[in-house]
Each structure stands twice: as structure tokens, then as C-alpha cells.
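Let me begin by presenting the structure, written as C-alpha cells, before commenting on it.
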Amino acid sequence: MTEGAKTWRQRVIDDFRHAFAVEKPGPAEPSPEQAALVDRVCREVVRRRLTTPALVALEMSRPLNFVTAQLIHFFDPLLRSFGDVNAPREFATFLERRGSIDYLAKRIEELEAEAVRRPTP
């Protein structure tokens with residue numbers, strides 16, 4: 001076997017392995033802009049005392065998070081008129097990643113635990 005054929009074969013094998021690669025399991029790590037946006041959303045959920053319904057909705061929508069992200073991209077021009085221009089795009093980009101639901105649920109639970117520890121006025 002020649003060196004050129006071996007290189008070609010190795011290249012095909014490497015490409016084949018990469019074709020079926022998925023992100024590692026576990027929570028996704030957002031960019032700083034996405035983290036600020038996700039934190040703002042999660043804090044609002046906890047402030048309104050919607051932790052349990054939000055966690056249930058997140059778990060039920062787990063298979064549809066990519067579809068939801070595409071829907072946000074579709075409505076991006078409309079959503080831009082209501083506030084931050086980049087927020088819908090950043091949030092949709094975050095939702096496209098595997099583990100985004102895990103990150104959202106974990107962050108909501110952390111903020112809820114923090115709110116429970118804090119004394120109420």
C-alpha cells in the first residue's frame with residue numbers, strides 16, 4: 001500500500017468519525033453575552049415564583065429545543081422591535097446547542113436555592 005493511499009484512507013476514516021460526532025453530554029457553556037441573557041431570563045422566572053412550572057416546561061420541551069431556536073430565528077425581525085436587538089439571536093443560538101436545557105434548569109435551580117436562603121422582607 002502506498003503512502004498516498006494510506007493518507008487518503010486515514011482521511012476518510014477521520015472524516016467518518018467526525019461526521020457522527022456530537023457535543024459532549026452535560027450542560028452547555030454559554031458565551032458571556034448568552035450567559036448574561038440566560039441569567040436575566042432565569043432571574044425573572046425565579047422572581048415571579050415560576051420555578052416549578054418553568055422546570056416542567058423545560059423538561060417537556062427538551063426534544064424541541066432546536067425547533068424552538070429555529071422559531072426564535074424566524075421571529076427575530078419582529079422580536080428586535082421589542083428590546084435588545086441581539087438578544088433573540090443570542091438566545092436562539094444558545095438553544096441550538098445540546099445541553100442548553102440542562103444549563104437553564106441548573107441555573108434556575110441555583111437561583112431558586114439562593115432566593116430561599118435569602119431572608120424575605
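Being more than 18 Å from the chain's Cα centre (by Cα), outside any loop (DSSP other than H, G, I, E, B) and at pLDDT 90 or above is true for just one of LEU78, LEU104, LEU58, LEU111. Which residue is that?
Numbers: LEU104 fails: more than 18 Å from the chain's Cα centre (by Cα); LEU58 fails: more than 18 Å from the chain's Cα centre (by Cα); LEU111 fails: more than 18 Å from the chain's Cα centre (by Cα).
From the options LEU78, LEU104, LEU58, LEU111, the qualifying one is LEU78.
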Next item on the list: Quick one: in the range 65-92, of everything that is among the aromatic types (Phe, Trp, Tyr) and either in contact (Cβ under 8 Å) with a residue 24 or more places away in the chain or touching a helix residue (DSSP H, G or I) at 6+ places or on another chain (Cβ under 7 Å) (or both), which residue is nearest to ALA36 (Cα to Cα)?
Entry: PHE91
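Yes/no matrix, rows are residues, columns are (1) out of contact with any Asp or Glu (no Cβ under 9 Å at 6 or more places or on another chain); (2) at pLDDT 95 or above; (3) of a type in the set (S, T, N, Q); (4) farther than 24 Å from ILE101 by Cα:
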| residue | (1), (2), (3), (4) |
| --- | --- |
| THR2 | yes, no, yes, yes |
| ALA5 | yes, no, no, yes |
| GLN10 | yes, no, yes, yes |
| PHE16 | yes, no, no, yes |
| PRO27 | no, no, no, no |
| SER31 | no, no, yes, no |
| ASP39 | yes, yes, no, no |
| ARG43 | yes, yes, no, no |
| ARG47 | yes, yes, no, no |
Next item on the list: Being within 23 Å of THR52 (Cα to Cα) and out of contact with any Pro (no Cβ under 9 Å at 6 or more places or on another chain) is the filter; apply it to the range 79-95 and report the residue that is surrounded by the fewest Cβ atoms within 10 Å (Cβ to Cβ).
Entry: ALA92
Note to self: Just to check your reading of the model, which residue among LEU95, LEU37 is under 20 Å from ALA115 (Cα atoms), of a type in the set (A, V, I, L, M, F, W, C) and out of contact with any Leu (no Cβ under 7 Å at 6 or more places or on another chain)?
What the structure shows: LEU37
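The values are calculated or read from the model by the stated rules, or taken from the named source; none is laboratory data. All of these numbers come straight from a predicted model, not from anything done at the bench. We place every Cβ from the backbone using ideal geometry, glycine too, and count neighbours over all the protein chains shown.
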